[in-house]
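Below: one structure, written as C-alpha cells.
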Amino acid sequence: MKTLDTIRQEFSPLTQDIIYFDSGASTLTPNSVVEAMDAYYTQYRSNIHRGIYAWSQQSTDKYELARLKVAQFIQANQVEEIIFTRGTTDSINMIAELLINTFQKGQNIIIPVTEHHSNMLPWRELAQRQELEIRYAGLRDEILDIEELMGHIDENTALVVIGHVSNVLGSIHPIQEIAHKAHSVGALCVVDGAQSVAHIPISVSELGVDAYAFSGHKVYGSTGVGVLWVKYELLQTLTPSRTGGDMVSYVTLDTVEYAPIPQRFEAGTPPIAEVIGLSKAIDWLQEIGWDTIQEHEKKLIDYMWGQISLRPWIHVLGGDKTMSRIGCFAFTIQGIHTHDIAHMLAQHNVCVRAGQHCASGIAETLDIVGSTRITFGLYNTVEEIDICMQALDSIYKTFN
C-alpha cells in the first residue's frame with residue numbers, strides 16, 4: 001500500500017525546495033508515467049493502426065488498451081465512447097463542432113457564470129452562428145445558484161453545459177440532477193470534468209450526461225492529451241467535423257467511407273505517447289485507490305479550514321466549510337492585490353495561481369479583480385500548509 005512518503009518519492013520535482021500548490025492548473029507527473037512515455041520513444045516508437053510490424057502493433061495495442069482503461073475509469077458503457085483529444089479545451093471545441101447542426105434558431109443554451117472559458121467560448125461561438133440565446137446562471141452565496149440554473153431550462157433549451165467542479169470555487173455541482181432536468185425538456189447536457197477526475201470517482205453512466213471531457217495533465221498524466229466521452233447513441237447521429245488520415249475506411253476520388261466509431265472522430269496521428277502516459281496515470285491512481293485519495297484530500301481540506309479560521313483577513317471564495325468542495329481554495333485579502341500575494345508566496349518557494357483563472361464570469365459577478373488559488377494534489381502535506389500560512393502571515397504584516 002502506498003503511503004504519503006512513498007507517493008512523494010515518485011515525483012522527482014519534489015526533491016527541490018518547493019511547495020507545489022498549483023495542481024488545479026496541472027498536476028505533477030509521477031516517474032512511472034514519464035518512464036512509460038519514455039519507453040514508447042526509446043523502445044517501439046511508431047505510428048498506430050497502420051503498420052503490420054511488431055513496433056506498430058505494440059503501439060496500437062497500448063493505445064487501444066488505454067482507451068479501455070479510460071472507459072473503465074469513468075465507467076462508460078462502451079469503450080467505443082472514448083475519443084482521445086489534445087485536452088479538455090480541444091474536447092469541448094470538438095463536441096461543439098459536432099453538435100453545430102443539431103440545434104435550431106431560437107433555442108437556448110444554459111451556461112453558468114462559473115464556467116472556465118473553455119466551456120463558455122465555444123458555446124458562445126456556436127450560439128452566434130446558429131442564432132441561439134445564451135442564458136447565464138449566476139451565483140448565490142458565492143456558489144452556483146442551482147435553483148436559477150434549473151429555472152432557466154425550458155422547452156426551448158437545446159443544451160446545458162456545466163463544469164463538474166468549479167476551477168475557482170472548488171464546489172462540486174449536482175450533475176445528475178441537472179442532466180435529468182435537461183433531458184426532461186429534450187436538451188443535451190455536456191460536462192467539463194477537468195477539475196473532477198483526479199478528486200472524485202466518476203461514472204458517466206450514473207451521471208446521465210451526454211458528453212464528458214477531461215485532460216491528462218490534471219489527472220497526473222502529461223500535457224497534450226485529453227478525453228471526450230460521448231454517449232454512443234449520440235455519437236451514432238454525428239458526422240465527423242475533422243477529416244484526414246486514419247479516420248476513414250475507404251476513399252476514392254469521389255467517395256468516402258468513414259472508419260467505425262470512435263476512430264472516425266480521431267483524424268490524424270494522435271498523441272500516442274501521451275495516451276500511453278494517461279493509461280499509466282490511471283493505473284497509478286487506481287493502485288492508491290479512491291478511499292485513500294479522498295481520505296487524504298479531506299485531511300488537507302479540514303486542516304486548511306482550521307488554519308483559515310485563525311486568519312479572518314483571508315476570504316475564501318465559494319462558501320464556507322459546509323460546502324461540498326475539492327481541495328481548491330481561491331481567496332482574497334483586502335488591500336493586497338492577488339498578483340502581489342502570489343509573487344510574494346513565490347519568494348517563499350510556494351507555487352500558487354493568481355488572477356481570474358480563465359473564469360472571468362466569477363470575478364465579474366463578485367466584482368473582484370481576481371483571486372489567489374491554492375489547489376492540492378496527492379503529494380501535498382499539512383506541513384506544507386503550515387509553511388504557506390506562515391508566509392501569508394508575513395505578507396499580511398507587510399501590508400498592514
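Data table
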{"item": "Proximal lysine pairs, the chain, alpha carbons under 23 Å, eight or more residues apart or interchain", "result": "18"}
{"item": "Top positive-direction residue, dipole computed over the chain with Cβ charges, set Ala127, Gln107, Tyr20", "result": "Tyr20"}
{"item": "Longest exposed-site-free window of the chain, the sites being GluC sites (Glu not before Pro) in a DSSP loop that have at most 12 other C-beta atoms within 10 Å", "result": "156-400"}
{"item": "Gyration tensor verdict on the range 166-251 (Cα atoms; rounded if a/c is under 1.5, prolate if a/b is larger than b/c, oblate otherwise)", "result": "oblate"}
{"item": "Span-rule helices in the chain, defined as complete DSSP H runs reaching 15 Å or more along the axis (Cα) with Kyte mean at least -1.0", "result": "31-43, 54-73, 88-99, 272-288, 290-309, 382-399"}
{"item": "Inter-site label distance for Asn47 and Asp17 at 7 Å from Cα along Cβ, in nm", "result": "5.0"}
{"item": "Selected from Gly226, Gly151, Gly318 as most flexible by GNM, with the chain as the system and alpha-carbon contacts under 10 Å", "result": "Gly151"}
{"item": "Using a Förster distance of 60 Å, the FRET efficiency for Asp246-Trp313 (Cβ separation, nearest 0.05)", "result": "0.60"}
{"item": "Prolate/oblate/rounded label for the range 33-286 (Cα gyration tensor, a/c 1.5)", "result": "oblate"}
{"item": "Rounded to the nearest 20 debye, dipole of the range 33-286 from Cβ charges on Lys, Arg, Asp, Glu", "result": "580"}
{"item": "Candidates Ala354, Ala54, Ala25: whichever shows maximal mean-square fluctuation once the chain is modelled as a Gaussian network with Cα springs under 10 Å", "result": "Ala54"}
{"item": "Charge dipole (the chain, unit charges on Cβ, about Cα centre) - positive-most of Ser394, His116, Thr332", "result": "Ser394"}
{"item": "For Ile374, distant residues with modelled amide H under 5 Å away", "result": "Phe329, Ala330, Phe331"}
{"item": "Stretch gain in nm, segment Gln75-Asn31, where the contour uses 0.36 nm per residue and the Cα spacing is subtracted", "result": "13.2 nm"}
{"item": "Global form of the range 236-346, assessed from the alpha-carbon gyration tensor, a/c cut-off 1.5", "result": "prolate"}
{"item": "Exposure proxy ranking, count of Cβ atoms within 10 Å, fewest first, for Thr237, Thr365", "result": "Thr237, Thr365"}
{"item": "Residue among His152, Gln286, Gly318 farthest towards the positive dipole end of the chain, charges placed on Cβ", "result": "Gln286"}
{"item": "Cα→Cβ-extended label distance, 7 Å offset, between Ser184 and Gln104, nm", "result": "2.3"}
{"item": "Of Ser26, Ser371, Ser12, the one that fluctuates the most in a GNM where the chain has Cα springs shorter than 10 Å", "result": "Ser12"}
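Values in this text are rule-based calculations from the coordinates and carry no lab data. Keep in mind it's a predicted model, so treat the numbers as computed, not measured. As a convention, Cβ positions derive from the backbone with ideal geometry for all residues, glycine included, and neighbour counts pool all protein chains shown.
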